[in-house]
1. Against the definition (without any contact (Cβ under 8 Å) to a residue 40 or more places away in the chain and either assigned to a helix (DSSP H, G or I) or not acidic (Asp, Glu) (or both)), how does Ala143 come out, yes or no?
2. Based on this model, can you work out whether Ala308 counts as within 23 Å of Met114 (Cα to Cα), part of a strand (DSSP E or B) and outside the structural domain of Gly211 (by TED's automatic domain parsing)?
3. Residues in region 199-246 that are part of a strand (DSSP E or B) and at pLDDT below 95: how many?
4. Could you look through region 130-145, keep only residues that are buried (at least 20 other Cβ atoms within 10 Å of the Cβ) and among the hydrophobic types (A, V, I, L, M, F, W, C), and pick out the one that is farthest from the chain's Cα centre (by Cα)?
5. Which one of Tyr64, Tyr29 is at pLDDT 95 or above and either over 22 Å from the mean Cα position of the chain (by Cα) or closer than 21 Å to Gly177 by Cβ (or both)?
6. Take the conditions among the hydroxyl-bearing types (Ser, Thr, Tyr), more than 24 Å from Gly136 (Cα to Cα) and modelled with pLDDT under 75 and apply them to Thr400. Does it pass?
7. Pro183 - would you say it is more than 20 Å from the chain's Cα centre (by Cα) and surrounded by fewer than 20 Cβ atoms within 10 Å (Cβ to Cβ)?
8. Just to be sure before I move on: is Asp48 buried (at least 21 other Cβ atoms within 10 Å of the Cβ) and touching a Lys or Arg at 6+ places or on another chain (Cβ under 9 Å) in the structure I sent?
Amino acid sequence: MDAEDILYILYTSGTTGKPKGIVHTTGGYLTQVAATHRLIFDLKPDTDVYWCAADIGWVTGHSYIVYGPLANRATSVIYEGAPDHPAQDRFWEIIERYRATILYTAPTAIRAFMKWGADLPAKHDLSSLRLLGSVGEPINPEAWMWYHEHIGAGRCPVVDTWWQTETGAIMITPLPGITVAKPGSAMRDFPGVKSVVVDNRGKPVPPGGGGFLTLQRPWPSMLRTLWGDDERYVDTYWSRFGNEIYFAGDGAKLDDGGSVWLLGRVDDVMNVAGHRISTTEVESALVDHPKVAEAAVVGRNDPDTGQAISAFVSLRGDNQGDDSLAAELREHVAEGIGKLARPKQILFTEDLPKTRSGKIMRRLLKDISEGRPLGDVTTLANADIVERIRQTSDAKDTRTE
């Protein structure tokens, strides 16, 4: 194959909008997935048993179940199935049985494990594990610490990786044995990558500042175009800050040491009374509460503040959602971020609508919160939960001032 021959086209629905056919080619893509897989996971091909617990049809499956591990002759676990079938300790049983040494999974799955309880992994011998990875969305510090403590026994490095279907391979990550990780931060660029957080005018922000995440140097595994739509490719990725700067569509902030903290999609930023508030920050504040396993936040139209914050919350264990807990959670968010970030509506639900890759479909939650007809649910792994959430929302209006 020629280096620029098409290797595959992967259609990504994302969480909104018309699907895009991401084009990846052969030489550069294989170079970067092989290098990142070997170095970020500290792979020892002769002794490691590597498990990427992603859906093989998602880009993480392509890059870190198929191409990267095969290029590096890794011994891999490949699993097709749910994490709670036949029981909620399925992952831990697999790790124990095959003596897996590396686990790469999504924050959504980690928060589900938190909800099911630490007693489940405690029943299994997970001592073979030596490195843990996180992928798919920003991981909140609470989930990072639980993963590190209860799955990694406090001894396994955690590599919290940022990348996209479009980038093809990991771009920002800690490197085990080199980086002193901060729970919740993707840390620094992989060697050779140049990410820059910029303001509205495209100017780099200083440490401590926040803005838009851009990539300002070509990388081997970059997408070459959108299949059949070169114009959309340019408009989507190469127009916001000029045709030589790739705009990832994500917001990020730098801490005082220059480490990168992802804030989620910029189209997930809410405008409440003139203040821009990230859905990710509110979700992290909610999940920081000891009774909360998972949370999704959306902005809905509000006549007084422009947008109001609606939160959908799934609780840990046997905790019950009621008005007093809703009030407690609102104050918890206010203390952590500020009063303007306090959700106006909190709805308790057993689960959240997710794609098979584990991404929460906030678009559907926004439809529910604003009383609109639901959009397409065909990409959901748990489509039935949407109707149950809608019924709960119709039956009990939990909005409070």
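1. no
2. In short, no.
3. Residues in region 199-246 being part of a strand (DSSP E or B) and at pLDDT below 95: 5 in total.
4. Leu131
5. Result of the check over Tyr64, Tyr29: Tyr64.
6. The answer is yes for Thr400.
7. no
8. So Asp48 passes the test.
The values are calculated or read from the model by the stated rules, or taken from the named source; none is laboratory data. None of the values given here were measured: they were computed from a predicted structure. For neighbour counting, all protein chains shown are included, and Cβ atoms are generated from backbone atoms with ideal geometry for every residue, glycine included.
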